[in-house]
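Here the structure is laid out as structure tokens; the discussion comes afterwards.
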Amino acid sequence: MDRNQDPAAEGQSRSAQHQLALKELDRLWRRGTEFLGCRYAIMGGAMTWVSERHLVSAISNAGGFGVIASGSMTPELLAAEIEATYKLTGAPFGVNLITLHPRLLELVDVCLDHKVGHVVLAGGLPPAAAITRLKEGGAKVLCFAPAVVIAKKLVRAGADAIVVEGMEAGGHIGPVSTSVLAQEILPVIRDVPVFVAGGIGRGQAMLGYLDMGAAGVQLGTRFVCATESIAHPNFKRAFIRAAARDATPSVQLDPRFPVIPVRALGNEGTKRFMEMQRQVIDRFNRGEVDQKAAQLEIEHYWAGALRRAVIDGDVENGSLMAGQSVGMVTREQPTQEILQELLDEALQALIGRQATSRA
Ligand SMILES: Cc1cc2nc3c(=O)[nH]c(=O)nc-3n(C[C@H](O)[C@H](O)[C@H](O)COP(=O)(O)O)c2cc1C
């Protein structure tokens, strides 16, 4: 009988192809999985208010690498969150610290006291003291690099891994796209693993960055609507309805009053932000307010806005931080299913390559 007509033989051949693809994927991200100590080199990017014990443990339990977002936390709250996460998973997870946090070194000590293996330093160049203390305490340090020169500097400063995040990402962003940063940084930074983030929604894209030399990837937006995510149903609904083009960076009206770019879904809050900037700038031009006070008014506009949207569900006035991959979020799904989808897509792409190379 022709092997192609024998269902048992066909099944065997499919399973062999699958095994081969899995082996290849394991090879491609081995550096990342060994560094993180998990099955898949897929990090759940820390998202303030969203990345707490439930989502973080779900990602780690499913074979990825969850990261607690400590942006909104005091050292006491972070300690409680780490302890609670340990109760939900025996798998490794990390903690993301914002370098501008006024109590950064105390947060570092909390991570070390609780034996957190990996700490991601985000939001600007990390102080040398934080890197040194973490490394001396036995933690691995991951740092965000928005350009090659900074990546090199961070490696010299002791970073154990680099995260490259392009402007497609949700939340605070730089000006350069993920694809360009990946092309610039991946061939140059070879001494430490590099993880790529921003705009990754499918396994094929993940595989593409691994092919280019990434040790792994980091996704945020795709995990917001995970069943285990505590984001308010209104927040999740906004994600499910949105298309890629709805996730846009905040707009700065006047270069004298800088606005840190944040990618989010547009709503009443973003419209009012423009109006507020216009009014503040008019008042400044009329001499009714000085530059510092005007700048502060603009900076304070979004204070507490992410919590309002994620926790309270006020999706009209809160901040709906989301990446362009939001268009690929189509329903609420268990974390395990999201990871499996990414994996299956990558494996299918690899199986397709095997078929092409045999033809
Ligand atoms: C709602 C939201 C909140 C975020 N908060 C943080 C944060 O607190 N710290 C951080 O380093 N990155 C933060 N990010 C970025 C993510 O960690 C991750 O790098 C990013 O989402 C990856 O790009 P993607 O959204 O295209 O998947 C946030 C992203 C989102 C969507």
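Restricting the count to DSSP beta bridges whose residues both fall in the chain, what percent are antiparallel, rounded to a multiple of 5?
Counting only bridges with both partners in the chain, antiparallel ones make up about 20 percent.
As I understand it, the dipole of the chain uses +1 on the Cβ of Lys and Arg and -1 on the Cβ of Asp and Glu, about the Cα centre. Which of 100, 118, 348 lies farthest toward its positive end?
Farthest towards the positive end: 348.
Over the stretch 218-355, what number does the Rg to Rh ratio reach, with both radii from the alpha-carbon atoms and Rh per Kirkwood?
On the way: Rg = 19.1 Å, Rh = 16.9 Å.
Using Cα coordinates only, the ratio equals 1.13.
How are the Cα pair distances of the chain distributed, in percent, across 20 Å bins from 0?
29, 56, 14, 2, 0
Relative to the Cα centre, what is the charge dipole magnitude of the stretch 243-321, using +1 at the beta carbon of each Lys and Arg, -1 at the beta carbon of each Asp and Glu, and rounding to the nearest 20 debye?
Numbers: 11 positive and 12 negative charges, 37 e Å.
About 180 debye.
Go ahead and run the numbers for FRET between residue 254 and residue 211, Cβ-Cβ distance against an R0 of 45 Å, rounding to 0.05. Mind dumping the intermediate values first?
Working: r = 43 Å, r/R0 = 0.95.
Efficiency at R0 = 45 Å is approximately 0.60.
Taking every alpha carbon pair in the stretch 243-321, what does the distance histogram look like in 10 angstrom bins from 0, in percent?
The percentages, shortest bin first, are 19, 48, 26, 6, 0.
Expressed as a fraction of 2.2 N^0.38 Å, the rule-of-thumb size for a compact globular protein of N residues, what is the C-alpha radius of gyration of the stretch 62-119?
Rg over 2.2 N^0.38 Å, computed on Cα atoms: 1.05.
Just to be sure I follow the rule: in the chain, considering lysines 8 or more places apart or on different chains, how many pairs have Cα atoms under 28 Å apart?
Lysine pairs, 8 or more places apart or on different chains, close enough: 15.
Based on the Cα gyration tensor of the stretch 305-359, what are the three equivalent ellipsoid semi-axes, each the root of five times an eigenvalue, rounded to whole Å and given largest first? Write down the numbers at each step before the final one.
Working: eigenvalues 285, 28, 10 Å².
Computed over the stretch 305-359, the values are 38, 12, 7 Å.
Going toward the positive end of the dipole of the stretch 45-189, with +1 on Lys and Arg Cβ and -1 on Asp and Glu Cβ, which of 45, 187, 177 do you reach last?
Toward the positive end, the furthest listed residue is 187.
Scan the chain and note any complete DSSP helix (H) whose C-alpha atoms cover at least 18 Å along its axis and whose Kyte-Doolittle average is 0.0 or more. Let's see the in-between values first.
Numbers: long enough: 7-28 (31 Å, -0.83); 75-88 (20 Å, 0.24); 268-285 (26 Å, -1.19); 335-358 (35 Å, -0.26).
Those that pass (Cα extent of 18 Å or more, hydropathy at least 0.0) are 75-88.
Using a Förster distance of 35 Å, how high is the FRET efficiency between residue 353 and residue 180, based on the Cβ-Cβ distance and rounded to 0.05?
On the way: r = 25 Å, r/R0 = 0.71.
Step by step, r from the Cβ atoms, then E = 0.90.
Stretched out fully, how many nm does the piece from residue 80 to residue 241 gain, at 0.36 nm a residue minus the Cα gap? Before the final figure, lay out each step's value.
Numbers: separation 161, 0.36 × 161 = 57.96 nm, distance 3.42 nm.
54.5 nm is the gain from fully extending residue 80 to residue 241.
All of the numbers you see were taken from the coordinates with simple rules; none came from a lab. The structure displayed is predicted, hence computed values, not measured ones. We place every Cβ from the backbone using ideal geometry, glycine too, and count neighbours over all the protein chains shown.
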